[in-house]
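In what follows, a single structure is set out as C-alpha cells and then discussed.
No lab work stands behind these numbers, since they all come straight from the coordinates. Please read all numbers here as calculations on a predicted model, not as lab measurements. Here the Cβ positions follow ideal geometry from the backbone for every residue, glycine too, while neighbour counts run over all protein chains shown.
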Amino acid sequence: VTRRRTLPGGLDMAPTRGGRKVRGGGKSRTNKDHRQSGLKQRANKGRWDDICARQLQSDVISKVLAEKTQLDPDLPGLGQHYCVACSKYCISAVALEQHLKTSKHRRRLKTLTTEKIYDHKEANAAAGRGDADHGITLRENMTID
C-alpha cells in the first residue's frame, strides 16, 4: 500500500510504504548466532582431543573424575558435576543430565571414543617434520669400504 504524504504547507513527499524502512542486513538482522562463533570459547575450552580421549579410557576415567570433582568454590556447582568428554563443569546434577542428553555432547563423545585421534606425532608428520635424522647408522652386517 503506497500513500502520498504531505508536509505542512502543502509540500508533497515521495510515496512511501508503511512499516519498517530498513533494508538489507541479511543474516545479521535475523540470526545473530554466527556472530558469537569468534567470541565464544570452544566446547572443550582449549583442551586437546587427544587428552580428552585418553581421559575417557575405562582405566583412567575414575581417577580423572575423582581429581576433577574435588570441592572448588570458584567452579560452577562447586566443581562437583563434570563432563570429561566436553571438559565442562555443570552447575547441578540436573544440568549435567541435560547436557549428557544433548546432541553436541553425544557427537563429541562418539568422535572421541570411535575415531582415531589426531595427535601431535601425526600433526608433525603431516607438516613434514618427521623423526629426527641422525645421519648414517651402521648395521652389524654392513661394512664400509
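If each of Thr114 and Lys101 carries a label point 7 Å out from its Cα toward its Cβ, how far apart are those two points in nm?
Distance between the two pseudo-spin positions: 2.2 nm.
Express in nm, to one decimal, how much length is gained between Val94 and Leu65 on full extension, taking 0.36 nm for each residue of separation and deducting their alpha carbon distance.
Roughly 8.7 nm would be gained on extension.
From the C-alpha gyration tensor of region 46-115, pull out the three semi-axes of the equivalent ellipsoid (sqrt of 5λ each), sorted largest to smallest, in whole Å.
After diagonalising the Cα gyration tensor, the semi-axes are 20, 15, 10 Å.
List, largest first, the extents of the alpha carbons of region 75-123 along their principal axes, each in whole Å.
38, 22, 11
Could you pull out the GluC sites (Glu not before Pro) across region 54-137 that fall in loop regions by DSSP (anything but H, G, I, E, B) with no more than 16 other Cβ atoms inside 10 Å? Show your work: numbers first, answer last.
Values: sites: Glu67, Glu97, Glu115, Glu122; in loops: Glu115.
Taking region 54-137 and a limit of 16 other Cβ atoms within 10 Å, the loop GluC sites (Glu not before Pro) found are Glu115.
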